[in-house]
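The values are calculated or read from the model by the stated rules, or taken from the named source; none is laboratory data. Computed from a predicted structure; not experimentally measured. Cβ: placed from backbone, ideal geometry, glycine included. Neighbour counts: every protein chain shown.
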């Protein structure tokens, strides 16, 4: 059995939404000090909908694939829907990740939430702190 699914390999070889957004409405950057992966997510939000999303990821193939898949999963969604994205959903959409690479999907979830928190903060939108609490 292959270590990585065809979807992981496709999103690694052909990542979607790579790049930056000038004057992004929300930007989130997270990293994993153990493996060294860094993800930065940029959001353009119009009428409470994620009109565009771009990412820059420095990391392994699983980190790039997770960023790519997560960006596809939130594009066009309401902000409230994007907030419900979980690392498990990202991993499942990729047809699974090896156990030792699940932290990559966690980073994707955290980067999106950090970008949404930045959007809320910039626009003075109130929110429940628990929405952005770090996972244990």
Quick one: in the range 58-71, of everything that is more than 9 Å from the chain's Cα centre (by Cα) and in contact (Cβ under 8 Å) with a residue 24 or more places away in the chain, which residue is surrounded by the most Cβ atoms within 10 Å (Cβ to Cβ)? 65
Are there any pairs, at least 6 apart or on different chains, whose C-beta atoms fall under 8 Å, with the first in the range 1-26 and within 17 Å of residue 43 (Cβ to Cβ) and the second part of a loop (DSSP other than H, G, I, E, B), and if so, which? 17/75; 25/123
Return the residues of the range 110-136 that are modelled with pLDDT under 95, assigned to a helix (DSSP H, G or I) and within 23 Å of residue 46 (Cβ to Cβ); say none if nothing qualifies. 131, 132
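Under 9 Å from the mean Cα position of the chain (by Cα), closer than 20 Å to residue 11 by Cβ and touching a residue at least 12 places away in the same chain (Cβ under 8 Å), is that true of residue 40? Explain how you work it out, then say what you get.
On the way: under 9 Å from the mean Cα position of the chain (by Cα): yes; closer than 20 Å to residue 11 by Cβ: yes; touching a residue at least 12 places away in the same chain (Cβ under 8 Å): yes.
When the stated conditions are applied, residue 40 passes them.
Considering only the range 76-89, state which residues are crowded, with 17+ Cβ neighbours inside 10 Å and either in contact (Cβ under 8 Å) with a residue 40 or more places away in the chain or over 15 Å from residue 27 (Cβ atoms) (or both). Reasoning before the result, please.
Initial filter on the range 76-89 (crowded, with 17+ Cβ neighbours inside 10 Å): 79, 82-83, 85, 87.
Those that are crowded, with 17+ Cβ neighbours inside 10 Å and either in contact (Cβ under 8 Å) with a residue 40 or more places away in the chain or over 15 Å from residue 27 (Cβ atoms) (or both): 79, 83, 85, 87.
Identify, from the list 17, 23, 32, the residue that is at positive phi and surrounded by 11 or more Cβ atoms within 10 Å (Cβ to Cβ).
17
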Of the residues 118, 47, 52, which single one is without any contact (Cβ under 8 Å) to a residue 60 or more places away in the chain, farther than 21 Å from residue 13 by Cβ, crowded, with 17+ Cβ neighbours inside 10 Å and more than 10 Å from the chain's Cα centre (by Cα)? 52
Kindly indicate the residue of the range 90-108 that is assigned to a helix (DSSP H, G or I) and more than 11 Å from the chain's Cα centre (by Cα) and also surrounded by the fewest Cβ atoms within 10 Å (Cβ to Cβ) among those meeting that condition. 99
